[in-house]
Amino acid sequence: MSSLCREVITLQLGHYSNFAGTHWWNLQDASLSYDPETPPGEIQSDVVFREGQTLGGHVTYTPRLIAMDLKGSLRTLRQEGSLYDAGKDTSAVTWDGSITMHEESPPAKNSFLEDLDKLDKGEILAEADFPSSSQPQCSARSLSVDTVNSHLARVQKSYRLECSVKVWSDFLRIHLHPRTISVIHQYNHDGEAHRLEAFGQGESLLQGSVLEELEDRLHFFVEECDYLQGFQVLCDLADGFAGLGSKVTELLHDSYGGRGILTWGLLPVSHPDSTPVKDLYRLLNCTLGMVHMASHSSLFCPLTLRGGLGRRPSSPTTFTHLSYDPSLWYHSSSVLALALDTLTAPYRLRNNSVPMWQLADDLAVSGRKVVAAYGAVPFPMMHGSSLPDALSTYTDVLPWRPLSGCAEAGDGRCYGQWATLKGFEGQKLISSLAAGTKPPTPLHSLHSGEDVLASYIRSFYPSAPLALQLVSTPSELAPPFPQIFSQSLGAQGFLEGQPPPPGSTPRVVSSVPVMTSLQSGPALDPWLSELHRGVSAFDIRRVAPSFLSQGPEVSDYQEALEQLRLLARCYRDDSRGVMRSSSEEEDDD
């Protein structure tokens, strides 16, 4: 029952990872409270947030985060932020030559960012609503979390940002530390010239000033940790950030041995500039990135709503109670962030937390470091019902959907599974049948939520090792989280018996329950093998010679494909679970 804080440092590498990361941090921010009368929550925010102080003596509370992106990706956000702003240097500069003035209009801010600026200036709320100088300045523009959430919720209907979000900072609620954002100036976010498109480009970046800057930021965050448990890395898989992420995870592995490294490789459903050549590049980046990051991480999990990782995936993942637009990064990344909020909960708990290394050890057995994620977003539970009632309506199929582009095997085979249910607050975990009443299902006769969920999952995976975590606190949704939820859900994200009457105000969902599963099993063999066949079907030197112009070498590329083939073999039932060389396999034959 120890509440020892084991800190985690987050790295976000790439634009889509920053989209998902921004939603994830907004979710964390929405759950913060500084009311001294409020008991500490289940999630220990100090695991991922850090306390600091401005030059003016104000206490701050900012993410323990390093976010890397390209030149032109920030728009209205200043790289150094504004929380620690010491003011502009107004000292005179002596110059006798002629001066030519060039004026450029700054990017326009959307309605949400404009309101945040007004909150900064005190133009919306009364003076009495401002916190004292001792209040941590962390949430939406340094006002108390409860005050900001209350105000923004009242005007949530005006935040329809689907057409105005261009970059991730367009919906960022929180202040960031000056050492958080790292801009890579060698490549552009927009335009056709100087794009970070290939794996080798990203690999070659981590040297010189970029490497020195990253090491400096890492040392800053690491040295202030008392019990660092590890790093959670969100990395784009489709572009050159896959190469950069491979080098970053290698650096973490070599420099901070013994710490957990959980890497989430993110892929959007679609790209606005797709061409056959670019799609081929993305397939190659994804393949090389997965192989290299898995080898340097404690655990690697792709996160995507695509129907697969290949060039011709099936339809995007759908959810019964979500109406999201797969083509909008603002939408798809919000779904992944909700899932990630639950997937990462076990090692962020105040009590009974599970360290990163244990989570990885439970799943990455015998070299199987790649896992697949699944999620019920939201978890379909009727308001006022019980967990046995909710689960017993899904007797033939599990309620979750693929979050890694990998379908479940469906035959009950799994080497290891970690399931987390988050957000059942106010609902019953067990049945409350009257004495003498016959339970309608075996689930209704059990006496704890853990037993109910374990019994249910084992009905699908009878012999698989299973770890469980139940967290009552839901994922709190605050503006500008997109309202992508079905009208069958109530304010707390539970199913209502009736939809709202025609002509009434649409329901606004303020929190949701989510269930996730991380799995290592035979289903990953055909999934990884299909990826291997896709990249092995052509001669890269003939089809995409420019991809190799900045690395890797052809021999290194071929070795990575062999590693992918052997990795897929690890998940076969007849495999000993370790990556063997081709010569060893021939000896077996």
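The values are calculated or read from the model by the stated rules, or taken from the named source; none is laboratory data. Just so it is clear, the model here is predicted, and its values are computed rather than measured. No Cβ is skipped: glycine too gets one built from the backbone with ideal geometry, and neighbour counts run over all protein chains shown. Heads up: the accessible areas ignore ligands, DNA and RNA and are worked out on the full protein's heavy atoms, side chains in. Shrake-Rupley method; radii C 1.70, N 1.55, O 1.52, S 1.80 Å.
On average over all directions, what projected area in square nanometres does the chain have, based on the convex hull of its Cα atoms?
Working: hull surface 127.6 nm².
Seen from a random direction, the Cα hull of the chain projects 31.9 nm² on average.
Among all the lysines, which ones have a C-alpha under 19 Å from Lys71's C-alpha, if same-chain residues fewer than 8 places away are not counted?
Lys109, Lys166
Run the accessible area of the chain with a 1.4 Å probe and give the carbon-and-sulfur part as a rounded percent. Please report the intermediate quantities before stating the final value.
Numbers: 12540 of 25410 Å².
Carbon-and-sulfur percentage of accessible area, whole number: 49.
How large is the accessible surface per residue of region 526-570, computed with a 1.4 Å probe and reported in Å² as a whole number? Before the final figure, lay out each step's value.
Numbers: 2320 Å² over 45 residues.
Here the residues of region 526-570 average 52 Å² of exposed surface.
Find, among the GluC sites (Glu not before Pro) in region 183-235, those assigned to loop by DSSP (not H, G, I, E, B) with at most 15 other beta-carbon atoms within 10 angstrom.
Working: sites: Glu192, Glu197, Glu203, Glu212, Glu213, Glu215, Glu223, Glu224; in loops: Glu192, Glu197, Glu224.
The qualifying sites are Glu192, Glu224.
With a bin width of 10 angstrom, please list the P(r) values of region 526-570 as percents of all Cα-Cα pairs, from the 0 bin to the one holding the largest distance.
Pair shares across the bins are 27, 52, 21, 1.
Is there a quick way to get the dipole size of region 372-521? I mean about its Cα centre, with the Cβ of Lys and Arg at +1 and of Asp and Glu at -1; what is the value in debye to the nearest 20?
Working: 7 positive and 9 negative charges, 7 e Å.
Once rounded to the nearest 20, the dipole reads 40 debye.
Can you run the Rg to Rh ratio on region 153-240? Use alpha carbon positions and the Kirkwood inverse-distance Rh. Intermediate results must be reported in sequence, preceding the final value.
On the way: Rg = 17.2 Å, Rh = 16.5 Å.
Taking Rg over the Kirkwood Rh, I get 1.04.
Please figure out what share of the DSSP beta bridges in the chain is antiparallel and state it in percent, rounded to the nearest 5. Let's see the in-between values first.
Working: 24 of 63 bridges.
That works out to approximately 40 percent antiparallel.
For the pair Tyr256 and Thr505, how long in nm is the line joining their label points, each one 7 Å along Cα→Cβ?
The two pseudo-label positions are separated by 4.5 nm.
Applying 1/(1 + (r/R0)^6) with R0 = 25 Å to the Cβ-Cβ distance of Asp411 and Ser315, what FRET efficiency is obtained, to the nearest 0.05?
Efficiency, from the Cβ-Cβ distance: 0.60.
Compute, for region 526-570, the length of the dipole vector about the Cα centre, with Cβ point charges of +1 (Lys, Arg) and -1 (Asp, Glu) only. Units Debye, rounded to 20.
Details: 5 positive and 6 negative charges, 34 e Å.
Charge dipole of region 526-570: 160 debye, to the nearest 20.
For region 414-517, state which chymotrypsin sites (Phe, Trp or Tyr not before Pro) are in a DSSP loop and have at most 10 other beta carbons lying within 10 Å of their beta carbon. Working shown, then result.
Values: sites: Tyr415, Trp418, Phe424, Tyr456, Phe460, Phe485, Phe494; in loops: Tyr415, Phe424, Phe460, Phe494.
Of the chymotrypsin sites (Phe, Trp or Tyr not before Pro), not one in the loops of region 414-517 has a Cβ with at most 10 other Cβ atoms within 10 Å.
Spin-label point model (7 Å from Cα, Cβ direction): what's the Arg542 to Val397 distance in nm?
Those two pseudo-labels are separated by 4.2 nm.
Could you sort 345-357, 17-29 so that the peptide with the highest average Cβ count within 10 Å comes first and the rest follow in order? If you can, show how the numbers build up before the last one.
Working: 345-357: 19.4, 17-29: 25.8.
So the peptides 345-357, 17-29, ranked by packing, come out 17-29, 345-357.
How much of the DSSP bridge set in region 372-521 is antiparallel, in percent, rounded to the nearest 5?
70
Would you be so kind as to identify which of Thr317, Tyr571, Thr344 lies farthest towards the positive end of the dipole of the chain, taking Lys and Arg as +1 and Asp and Glu as -1 on Cβ and the Cα centre as origin?
Toward the positive end, the furthest listed residue is Thr317.
Sort the following peptides by mean Cβ neighbour count (other Cβ atoms within 10 Å, averaged over residues), highest first: 505-512, 403-410. Before the final figure, lay out the partial values.
Working: 505-512: 16.6, 403-410: 20.9.
Output ranking for 505-512, 403-410: 403-410, 505-512.
Please name which of Val471, Leu453, Phe424 has its Cα lying farthest along the dipole of region 408-489 towards the positive end, using unit charges on Cβ (Lys, Arg +1; Asp, Glu -1) and the Cα centre as origin.
It is Leu453.
Which listed residue (Leu244, Ser255, Gln207) has the Cα farthest towards the positive end of the charge dipole for region 202-258, taking +1 on Lys and Arg C-beta and -1 on Asp and Glu C-beta about the Cα centre?
Value: Leu244.
So what is the orientation-averaged projected area of region 372-521, using the convex hull of its C-alpha atoms, in nm²? Please list the in-between numbers first.
Working: hull surface 41.0 nm².
Here the figure is 10.3 nm², rounded to one decimal.
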